[in-house]
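Enquirer: Got a structure here, written out as structure tokens. Questions coming.
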Amino acid sequence: MDKRPPNWVMTVLSIVMLVALWGLDNVSVAANRIVAGSGYASWEAFGWMGVALASLLLLFVLLMAWQPTHSRLNLLSQLAAIILLLLLMPFGLMAASAALIDPQMPQARLSAGAAYWVVLFCALLALVELRLRLALSRFWIVLIMSGVGGLWWLCASLWLDRLALVQEFQAREAAFWLAFSEHLAMVSIAVGVSIVLGIILALLIRRYRAIQRGAFALLNFFQTIPSLALFGLLLAPLAWVSANVPFAAALGIQGIGWTPALLALVIYSLLPMVRNTYVALEAVSPDVLDAASGMGMYPSQRFWQVRVPLALPILLEGIRITAVQAIGLTAVAALIGAGGLGSFIFQGLGQAAMDMVLLGALPILLIALVVDAGLGALSEALRQGASDD
Amino acid sequence: MTSRPVHPRSAYHPIQLLWPLMWLVLLVGVVLMIPHAQTLFQWLAPDARQVIYQRADFTQLLGRHLMVVGVAASITITLGVLAGVMVTRQWGRDFLPLVSQIASLGQTFPPVAVLALAVPALGFGTIPIIVALVLYGLLPIVRNTIAGLKDVDPGVVSAAYGMGMTPGQILRQVELPLAAPVILAGIRTSVTINIATAALGATVGASNLGDPIIAGIVNANNAYIVQGAMVIALLAVSIDSIFEVFQRRLRLHTP
């Protein structure tokens, strides 16, 4: 048997987690929304038992990672320990809230501190690393993440009412869901419009090759302009249109609000859409097209029955890039009054209420990750389907 | 996120310097003209009492913006290329799957969200913005450094080894030059994103070209917004066109 060095990645990650657990503040308690909280170390927050349990789990991972064998069993046991750690983390917050918060103070709130975030971040990195080492399929990762996420959600909604993030959410639940749906609506409309426009443009570029360079250069140029600036530059002409064209004003077209936001989102979305559609249609192998002609297909049949299905995975990749980009840009659009989850970020920054910033930023991150993973899986499945046939 | 379509290789010609020159002249021209264009901006914001952004001079704002992006970019490039080189060496190979996974997964995170998350952790001001820019800007550079180094033909590396070159020499004289175009493309993406994200830094207390835009939105003054937007857009386009020239030169010099 060959002697292999220890798994350095897991070793480093578990040492970082142990150091954070023992060396940094784990939670902070604030008397109300605005004042800065005071930090508490892990043993003050979770009790000695809690810290001992977490440390034992991490020491186990460290020990396993240090083993020179990289057997599947070894990796699976590390995975189990990390999942257990992630599952136990919300209960740690519960213990902290019971131990540290005075029930007489209804405004008092608990926030996760540096150690908590570091451990969470490293545990997620460890999950990614173990997934890669074990070559787990997407299915298992989705199962694990939805299990962990489900438990977190349950804890947050049932028992963690002292957590600052939960309090922010409860204080503006209706506004949150409104912003959430606005965000999704703007992203869907922008992506939908740019899919249609992108395909039309890509087909035009295929037909009139002369405009190819110019068209891509122009779309590239727009992509270079920072989002804040593009929103600003669209504002003046749109304000002029709404002031001088009665019909446009009746439609709700304004210098600020959703009009410039959607327009800018579509402009940004066009480059990835057009590029991927174009590349996708060009990438279909000429042999396949030859074979299709040989079978007696008409050009239109050949286009719709051969070229489009084969191009679909790359096209979907374009939709994925476009959607992820639009999710982030829509957050910026909140600055010009377009609503969406970004409004919590900028309001929170304005009021120095960091939990409100989190209330906006975390869902945006989650939506981006879910959309990215979902469309990525779909395109992978289509690609496999295409190669199986 | 803003990777570009592959252009057919075109010969380098001094005329290509015209584009960046034109954008730079336009940038400087606009910055110098803004204080004197009272009438034009009055027309854009007829109700406003003051139509030229006064809180700071535009040359100053431009300088601060360039400073923040410049500092962030130099840290990012150093760290990013270093990290990319480290995980592709024999002794760092353990970290390669994780690092390349993070580099591609991390680009899913919207820059605004990264900036917003940096503030609770680091506070308001210029330093948190530089940290956020560095963290986010690292991803495209690390990813492209890894991709560029991986693409180097192993045959070339073993030939260099056979010639008696040391690993350090191989890295500096063979691998990095061959990977340079891909790395430069990553740097270009990173800097473009950073210029845009730095402007958002005005919402977290940094004073730069985003400032007039934010002030204009808050006071409903279109003139401020247009002034800030014009200068940022010109800055971004100028720097991008400079990168374009560099890339063309490099593409010409690498086989």
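Enquirer: For the condition surrounded by 20 or more Cβ atoms within 10 Å (Cβ to Cβ), within 30 Å of A:ALA123 (Cα to Cα) and either more than 10 Å from chain A (Cβ to nearest Cβ) or in contact with a His (Cβ under 6 Å, 6 or more places away or on another chain) (or both), what is the one hit in B:ALA185, B:ALA103, B:ALA179, B:ALA113?
Expert: B:ALA103
Enquirer: Restricting attention to region B:46-59, does a residue exist that is closer than 30 Å to B:LEU133 by Cα and polar (S, T, N, Q)?
Expert: There is at least one residue in region B:46-59 that is closer than 30 Å to B:LEU133 by Cα and polar (S, T, N, Q).
Enquirer: In addition: Which residue out of A:PRO313, A:PRO272 is away from every other protein chain (no Cβ under 13 Å), crowded, with 20+ Cβ neighbours inside 10 Å, closer than 21 Å to A:ASP372 by Cα and not polar (S, T, N, Q)?
Expert: A:PRO313
Enquirer: Right, something else. Confirm whether A:GLY252 is at positive phi, over 25 Å from the mean Cα position of the chain (by Cα) and at pLDDT below 85.
Expert: Judged against the criteria, A:GLY252 is a match.
Enquirer: Go through A:SER111, A:SER137 for me and flag whichever is in the same structural domain as A:LEU87 (by TED's automatic domain parsing) and touching a Ser or Thr at 6+ places or on another chain (Cβ under 7 Å). Break it down stepwise before answering.
Expert: Working: A:SER137 fails: touching a Ser or Thr at 6+ places or on another chain (Cβ under 7 Å).
The conditions single out A:SER111.
Enquirer: Looking at region B:221-237 only, could you name the residues that are facing another protein chain (nearest Cβ under 8 Å) and over 24 Å from the mean Cα position of the chain (by Cα)?
Expert: B:ASN222, the sole residue that qualifies.
Enquirer: Checking the condition over 24 Å from A:LEU263 (Cβ atoms) and within 19 Å of the chain's Cα centre (by Cα), which residue from A:ALA326, A:ALA377, A:ALA334 passes?
Expert: Answer to the selection: A:ALA377.
Enquirer: Only one of these is among the aliphatic types (A, V, I, L, M), in a helix (DSSP H, G or I), touching a Leu at 6+ places or on another chain (Cβ under 7 Å) and crowded, with 17+ Cβ neighbours inside 10 Å: A:ALA65, A:ALA54. Name it.
Expert: Selected residue: A:ALA54, the only one of A:ALA65, A:ALA54 that is among the aliphatic types (A, V, I, L, M), in a helix (DSSP H, G or I), touching a Leu at 6+ places or on another chain (Cβ under 7 Å) and crowded, with 17+ Cβ neighbours inside 10 Å.
Enquirer: Oh, and also: Would you confirm whether any residue within region A:177-192 is without any contact (Cβ under 8 Å) to a residue 40 or more places away in the chain and within 12 Å of chain B (Cβ to nearest Cβ)?
Expert: The answer is no, given that none of the residues of region A:177-192 is without any contact (Cβ under 8 Å) to a residue 40 or more places away in the chain and within 12 Å of chain B (Cβ to nearest Cβ).
Enquirer: I need a count of the residues in region B:200-222 that are under 18 Å from B:PRO35 (Cβ atoms), among the hydrophobic types (A, V, I, L, M, F, W, C) and touching a Gly at 6+ places or on another chain (Cβ under 7 Å).
Expert: Counting residues in region B:200-222 that are under 18 Å from B:PRO35 (Cβ atoms), among the hydrophobic types (A, V, I, L, M, F, W, C) and touching a Gly at 6+ places or on another chain (Cβ under 7 Å) gives 2.
Enquirer: Does region B:88-99 include one or more residues that are surrounded by 12 or more Cβ atoms within 10 Å (Cβ to Cβ) and either more than 14 Å from chain A (Cβ to nearest Cβ) or more than 27 Å from B:ASP151 (Cβ to Cβ) (or both)?
Expert: So far as region B:88-99 goes, yes, one or more of its residues are surrounded by 12 or more Cβ atoms within 10 Å (Cβ to Cβ) and either more than 14 Å from chain A (Cβ to nearest Cβ) or more than 27 Å from B:ASP151 (Cβ to Cβ) (or both).
Enquirer: Restricting attention to region A:243-259, does a residue exist that is β-branched (Val, Ile, Thr), surrounded by fewer than 15 Cβ atoms within 10 Å (Cβ to Cβ) and in the same structural domain as A:VAL279 (by TED's automatic domain parsing)?
Expert: Yes: one or more hits.
The values are calculated or read from the model by the stated rules, or taken from the named source; none is laboratory data. All values derive from a computational prediction rather than experimental measurement. Heads up, the Cβs are rebuilt from the backbone with ideal geometry, glycines too, and the neighbour counts pull from every protein chain shown.
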